[in-house]
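Single-structure report; data block below.
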Amino acid sequence: MRRSPQSRWHGADPATVHDGATLTLAGGRSCRVRPIRGSDRDLKREFLAGLSARARYNRFLGAVRELSPEALDRLVRVDYRSQMALVALAGEGGAERIVGVARYAAAPGSLSCELSVAVADTWQRRGLATMLARQLLEYARLRGYVRVTVSTFADNVPMLRLAQRLGMRPAAGQPSPSIIEMELLLPEVV
Ligand SMILES: CC(C)(COP(=O)(O)OP(=O)(O)OC[C@H]1O[C@@H](n2cnc3c(N)ncnc32)[C@H](O)[C@@H]1OP(=O)(O)O)[C@@H](O)C(=O)NCCC(=O)NCCS
C-alpha cells in the first residue's frame, strides 16, 4: 500500500509537547503519557532491561538481551510521522521511569504502519497497553495511515487479546505458522 499519507494532523507538533496527560489505570495507579523524545534514551534502555526475558522475546520476535546504542537511538529519535511512539511514565524527577511504550513504524511512502507495544511486567493487565495503542492508532489515522498491522508469536495470548480488543483481525496470507499478523483498517480522515 503506497502513496504518501495525507496528514490531517492539526495538533501541536508532538516533538514540542512536553507535559504528558495523566492516565488512571484499572486498580488506581496513574502514569503520564507523552510522545517519546531523543532524551528518553536512558529511560528506554532501563525499561527494556527491566522487562522479563519472555516479554523482550515477544516484543522483538526473538532473543534480545541489550540493544546497541545505535538501535536505542533509532527507537527514541522518531520523526513523529513515519515513526511515532508514545511512552507512559511513572514516578517523578530522578525516579521517573518508562512503564509502557506503543510505537508505529512505516516504510517510506506506505499508507500502512506496523504497531508494537510493551508494558513493564508489574504494570500489565491494567489496561495500559489498550489505552496507549488506542491513542497511537488515532494519531496514525490523523497522520493519514489507513492500515495498521501487528506481528506476534502465535502463543502470545496477551498481544492477541489486545489486538482483538483494538478491533484487529488476522491478515490474509500469514508470514509463518509461528507468527500471526493482525491488521486493522483505519477509517480515512476526510
Ligand atoms: C501484550 C502487552 C503489551 C499487553 O499489555 P497490558 O497492558 O497488560 O494489556 P491490557 O491490560 O491493555 O490488556 C489487553 C488485553 O490483553 C489481555 N491480557 C493482558 N495480559 C494477559 C495475560 N498475561 N494473559 C492473558 N490475557 C492477558 C487483557 O485481559 C486484555 O484482553 P481483554 O480485553 O480480552 O480482557 C504486554 O503483555 C506486554 O508488554 N508483553 C510483552 C511484549 C509483547 O509481547 N508485545 C507484543 C508484540 S509487539
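The values are calculated or read from the model by the stated rules, or taken from the named source; none is laboratory data. Keep in mind it's a predicted model, so treat the numbers as computed, not measured. Every residue, glycine as well, gets a Cβ built from its backbone with ideal geometry; the counts of neighbours run over all protein chains shown.
Hey, could you check segment 131-151 for residues that are in a strand (DSSP E or B) and of a type outside the set (Val, Ile, Thr) and say which is nearest to the ligand (Cβ to nearest atom)? Restricting to residues being in a strand (DSSP E or B) and of a type outside the set (Val, Ile, Thr), the top hit is Ser151. Kindly indicate whether Glu181 is surrounded by fewer than 20 Cβ atoms within 10 Å (Cβ to Cβ), of a type in the set (D, E, K, R), part of a strand (DSSP E or B) and more than 9 Å from the ligand (Cβ to nearest atom). In short, yes.
Selection of segment 103-112 for residues being buried (at least 18 other Cβ atoms within 10 Å of the Cβ) and either within 25 Å of Asp42 (Cβ to Cβ) or within 13 Å of the ligand (Cβ to nearest atom) (or both) yields Arg103, Tyr104. Within segment 1-47, the residues that satisfy the criterion of being within 13 Å of Val87 (Cα to Cα), in a loop (DSSP other than H, G, I, E, B) and modelled with pLDDT of 90 or more are Ile36, Arg37. Cβ-Cβ below 6 Å, separation at least six or inter-chain, first residue in segment 155-182 and under 19 Å from Met131 (Cα atoms), second within 15 Å of the ligand (Cβ to nearest atom) and part of a loop (DSSP other than H, G, I, E, B): which pairs? From segment 155-182, the pairs are Met182/Met168. Kindly evaluate Arg126 against the criterion of being assigned to a helix (DSSP H, G or I), within 11 Å of the ligand (Cβ to nearest atom) and either among the small types (Gly, Ala, Ser) or on the phi < 0 side of the Ramachandran plot (or both). Here the answer is no, as Arg126 does not meet what is asked. Of everything in segment 58-86 that's in contact (Cβ under 8 Å) with a residue 60 or more places away in the chain and not in a loop (DSSP other than H, G, I, E, B), which residue is surrounded by the fewest Cβ atoms within 10 Å (Cβ to Cβ)? Within segment 58-86, the match that is surrounded by the fewest Cβ atoms within 10 Å (Cβ to Cβ) is Asn58.
Would you point out which residue out of Gly144, Gly93, Gly100 is within 20 Å of Val76 (Cβ to Cβ), buried (at least 18 other Cβ atoms within 10 Å of the Cβ) and among the small types (Gly, Ala, Ser)?
Values: Gly144 fails: within 20 Å of Val76 (Cβ to Cβ); Gly93 fails: buried (at least 18 other Cβ atoms within 10 Å of the Cβ).
Among Gly144, Gly93, Gly100, only Gly100 is within 20 Å of Val76 (Cβ to Cβ), buried (at least 18 other Cβ atoms within 10 Å of the Cβ) and among the small types (Gly, Ala, Ser).
Take the conditions hydrophobic (A, V, I, L, M, F, W, C) and part of a strand (DSSP E or B) and apply them to Ala107. Does it pass? Spelling it out, it is not the case that Ala107 is hydrophobic (A, V, I, L, M, F, W, C) and part of a strand (DSSP E or B).
Could you please find all residues in segment 18-43 being within 13 Å of the ligand (Cβ to nearest atom) and under 25 Å from Leu67 (Cβ atoms)?
Pass one, segment 18-43, residues within 13 Å of the ligand (Cβ to nearest atom): 23, 25-27, 29, 31, 33.
Selection gives Cys31, Val33.
Counting the residues of segment 152-170 that are within 7 Å of the ligand (Cβ to nearest atom) and either among the acidic types (Asp, Glu) or crowded, with 19+ Cβ neighbours inside 10 Å (or both) gives 4.
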